[in-house]
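The values are calculated or read from the model by the stated rules, or taken from the named source; none is laboratory data. Just so it is clear, the model here is predicted, and its values are computed rather than measured. Positions of Cβ are generated from backbone atoms using ideal geometry, with glycine treated the same way; all protein chains shown enter the neighbour counts. These area figures cover heavy atoms from the full protein model, side chains too; ligands, DNA and RNA do not enter into them. Shrake-Rupley method; radii C 1.70, N 1.55, O 1.52, S 1.80 Å.
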Amino acid sequence: MSDVITVNASGLSCPQPVMLTKKALAGLTSGRVEVLVDTATSRNNVSRFAGNKGWNVDVEELDNGGYRLILEK
């Protein structure tokens, strides 16, 4: 498997986290992308976007109150 792509969208308001995720997923047919967000709204929006594009989404709650979304295909 190729390297993990990390998108740090913490501190950004919607729709920026979704737009950064869209850019990271562009052209990928498989792999692993980790997206860091710090609000439940961003977590939900990125999860929904990635899921609609056929990516499996796992969410980890971080100690700092943010979230790591692990997108895999």
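Considering ASN44, ASN64, the condition of being in a loop (DSSP other than H, G, I, E, B) and out of contact with any helix residue (DSSP H, G or I) (no Cβ under 7 Å at 6 or more places or on another chain) is satisfied by ASN64 alone. Looking across the range 8-44, the residues that are of a type in the set (A, V, I, L, M) and under 13 Å from GLY66 (Cβ atoms) come down to ALA9, LEU12, VAL35, LEU36, VAL37, ALA40.
Filter the range 1-54 down to residues that are on the phi < 0 side of the Ramachandran plot and in contact (Cβ under 8 Å) with a residue 40 or more places away in the chain and give me whichever is most open to solvent (accessible area, probe 1.4 Å). If we take residues in the range 1-54 being on the phi < 0 side of the Ramachandran plot and in contact (Cβ under 8 Å) with a residue 40 or more places away in the chain, then THR29 is most open to solvent (accessible area, probe 1.4 Å). Just for the range 21-41: of the residues that are touching a Ser or Thr at 6+ places or on another chain (Cβ under 7 Å) and outside any strand (DSSP E or B), which one is nearest to VAL4 (Cα to Cα)? Taking the candidates together, the pick is GLY31. Using the structure shown, decide if VAL59 is touching a helix residue (DSSP H, G or I) at 6+ places or on another chain (Cβ under 8 Å), within 15 Å of THR6 (Cα to Cα), outside any helix (DSSP H, G or I) and open to solvent by less than 30 Å² (accessible area, probe 1.4 Å). Answer is no for this residue.
For the range 12-35, a residue qualifies if it is within 8 Å of the chain's Cα centre (by Cα) and either hydrophobic (A, V, I, L, M, F, W, C) or at pLDDT below 95 (or both), and the qualifying residues are VAL18, VAL33, VAL35.
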